[in-house]
Amino acid sequence: MVIIGMCLLSLAVGYVFGKINRCSKLEIVAIILFSAEIVAYYVGSVGGTQKLIEIRKGEWFFAFRIAQYTLVPLSMLIYVNLIRRLTQWYEKLGFILLWTALSVSGEYTLEQIGLFRYTDYPLWLSICFWIAIQMVTLTASHYFQRHLLKGDSYV
Amino acid sequence: MFNAPIRFDLNEWVVLLSILVLLFVYSRLPKLYPTALLVIIWMMYSVLGIFIDQLIGTSKNLDMYDTMDTGQYDWFDIAIYNFAYPPYGYMFCHFFKMIRERTPALLFPFIVGWCVQTTFIEWLASLARVYHYKAWTPLFSFLFYLLLYSFIPFFLRKLESWWEQDPHRQKVS
């Protein structure tokens, strides 16, 4: 049941992304892979190695992986699409703070639902992670668009 | 952040040596793909490796095998995901493209042969304790690689057509 719920949630987020998307297909693939990789290492570190969160067994485990590999990359795609439309630095800063608040509260909601459990996971680490993944993904997508997609050099 | 290896022994040496050999071979190959696609292919293999390990390998749910010294990540796991799987996977894409352009009739034997070779290398790595099979067997690996390397050519085709059509690229050229 929870797996179906997470699939439906991912579909809904994917639908929203489809409506606002201005990225090319290669950019989409690159952003999905990049953010999925960062989250995978982060979850491996705080979940597997440091034991700051506990990933539950059974269907919760698969629902958690769906969230990890679809929800987070999709949310990063929406984030990149939206922030690219802003021009002023204070607009961007405000949006980053807003998106961080949304991400942290989304993560907290998923924990309350039972997708995973906080064991010793501090709030400041969650805030730092969401700010960091936004900055890194934005920088990487910018570099990918400006330097790698331009030209057809086979270096 | 991640654990250090419990002991720096055979499996760590095998990983280090494999990475050096793979990166050397990778650096000698003529570049058949543009840099943007290289980056995507590199990330794809890295994500695939960590995704499969998290799903069926080191997870508490299925726990079919472990990698390196423990079931948790150590720095050598990260090195494998980032510097061993991607160049090895890229070689498949490289030779696949070469064969597709020169002798397409050899594509099917090439894919099957690559799966056999990959399974064999994985089995050798398991002897060096890079992988610790629990419920997993080389036969599962072969079937998995058959599925994976049959799917990758379709993904490569898509990537190439998206590259040709990419609006950012057309603006320049």
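Just so it is clear, none of the values below were taken in a lab; they were calculated from the coordinates. The shown structure was predicted, so the numbers you read here are calculated from the model rather than taken from an experiment. Ideal geometry is used to build each Cβ from the backbone, glycine not excepted, and the neighbour counts take in all protein chains shown.
For chain B, relative contact order (Cα pairs under 8 Å, six or more residues apart, normalised by length) works out to 29 percent. What separates the Cα centres of the stretch A:105-138 and the stretch B:87-139 is a distance of 37 Å. How many Lys pairs in the protein assembly as shown lie less than 25 angstrom apart by Cα atoms, where the lysines are 8 or more positions apart or on different chains? Close lysine pairs under the 25 Å cut-off: 24.
Once you have a ≥ b ≥ c as the square roots of the Cα gyration tensor eigenvalues for the stretch A:32-142, tell me rounded if a/c is under 1.5, and otherwise prolate or oblate according to whether a/b is larger than b/c.
prolate
Each part gets one Cα centre, and for the stretch B:147-166 versus the stretch B:1-55 those centres are 21 Å apart.
What per residue convex hull volume, in Å³, comes out for the protein assembly as shown when only alpha-carbon positions are used? Don't jump to the answer; show the numbers that get you there.
Working: hull volume 47.8 nm³, N = 328.
Output value, Cα hull per residue: 146 Å³.
FRET efficiency for the pair residue A:139 and residue B:105, taken as 1/(1 + (r/R0)^6) with r the Cβ-Cβ distance and R0 = 45 Å, rounds to 0.50. Using a simple spin-label model with pseudo-atoms 7 Å out from Cα toward Cβ, residue B:139 and residue B:29 lie 3.1 nm apart.
Return A:137, B:35 ranked ascending by Cβ neighbour count within 10 Å, so the fewest neighbours appear first. Don't jump to the answer; show the numbers that get you there.
Values: A:137 22, B:35 17.
Ordered from fewest to most neighbouring Cβ atoms within 10 Å, A:137, B:35 come out as B:35, A:137.
Remark: the residue B:75-residue B:16 segment gains 20.1 nm on full extension, using 0.36 nm per residue and subtracting the alpha carbon distance. When each of the peptides B:119-126, A:92-99 is scored by the mean number of other C-beta atoms lying within 10 Å of its residues, the order from highest to lowest reads B:119-126, A:92-99.
State the volume of the convex hull built on the alpha-carbon positions of the stretch B:10-163, expressed per residue in Å³ and rounded to an integer. Kindly include the intermediate steps, with their values, before the conclusion.
On the way: hull volume 16.7 nm³, N = 154.
Looking at the stretch B:10-163, the number lands at 109 Å³ per residue.
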